[in-house]
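What follows draws every value from the coordinates through simple rules; no lab data is involved. These numbers come from a predicted model, not from an experiment. Neighbour counts run over all protein chains shown; Cβ positions are idealised from the backbone, glycine included.
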Amino acid sequence: MKALSLLLILISQTAFATSDIKNEPANIHPGEVRVITFPAPDKSSVFSCKGEVLKWSFKNGMGSAIVIESYFSELHPFVCKLELNGKLAHQISFEVKPRDYKAEVLKVNPKTIKLAAKDEERVWKEQKVLDRIYASSQTEFQFEAPFVQPMNSAITSVYGTKRVYNNQKKGQHLGIDYRAAIGQKVPATNAGIVMFAGDLFYTGWTVILDHGMDIFTVYGHLDKTLVTAGSKVKRSEIIGLSGNTGRTSGPHLHWGVKVHGQYIDGMSLIDETQKYFQK
């Protein structure tokens, strides 16, 4: 896994507000997104960050993009550039600021820590399926409104929490857990296409939505799924019932947001889309 990863995703100028690109460094934290807008000569311009050419939108002389920083960032500053015929048109610098993450100890079924051979094979096969899903996002946005939280209940585990399972295995919780009794309705956090609705070893009964341009949301540990792969869903449409399946320590909803192969803080996506979306 790359220590530092970012992505610029095409943002519809009709949906997001615009502002001139700034010369002073912008701040970003590991696991977060930032919407940026900038004046652009034309669509033939090349936008890149850290030498990597990335996608961006162009409309009426303005460009728009989203920058995403990996949870595993090494906190190095970076620069994004807009170039036309090899000449610099605009640039924006980013300072990556550290972010403190909480820690917790969980007790789970020992079989989910030290996997039996058959379980290892199952996890391997499931990962192949998930890799194909995350590599097949729609080329256009499937939503026209800001993202929202999947539940209004208390958050029991925030994004980025460092975890120790049964005082043995260490890891990170790159999602958000919501308190939910078995059977509560779970809505989609935005419009999208159902890419997966089934049982997975770690997250149990799970629904995965593709919102276009490599933005996915994951709803895990469900008791039941209410949608089928290939169907389109609207924001707030009920897609399943909360449960206690997979590797859990009790009933709850796990909500994950994956963008270009990186799990990011869903709250950051909500905040940015609410901030820039024109209602």
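Of K59/K234; K59/K232; K87/K232; K232/K275; K162/K224, which ones are farther than 32 Å apart at the Cα? Over 32 Å Cα-Cα: K87/K232.
Which pairs, out of K55/K97; K43/K97; K55/K258; K118/K185; K43/K128, put more than 28 Å between their alpha-carbon atoms? From K55/K97; K43/K97; K55/K258; K118/K185; K43/K128, over 28 Å: K43/K97; K118/K185; K43/K128. Can you give me the Cα centroid spacing of segment 238-268 and segment 27-64 in angstrom? Between the Cα centres of segment 238-268 and segment 27-64 lies a distance of 29 Å. Between the labelled values (i) 18.7; (ii) 20.9; (iii) 19.7, the entry that holds Kirkwood radius over Cα pairs in Å as derived from this structure is (iii). The simple spin-label model puts a point 7 Å past each Cα toward its Cβ; for S153 and V123 those points are separated by 2.6 nm. Under the convention that each Lys and Arg Cβ holds +1 and each Asp and Glu Cβ holds -1, the size of the dipole of segment 26-96 around its Cα centre is about 320 debye. Estimated purely from DSSP H runs of n ≥ 4, each contributing -39500 (n - 2.57), the mean residue ellipticity at 222 nm for the chain is -3500 deg cm²/dmol once divided by its residues.
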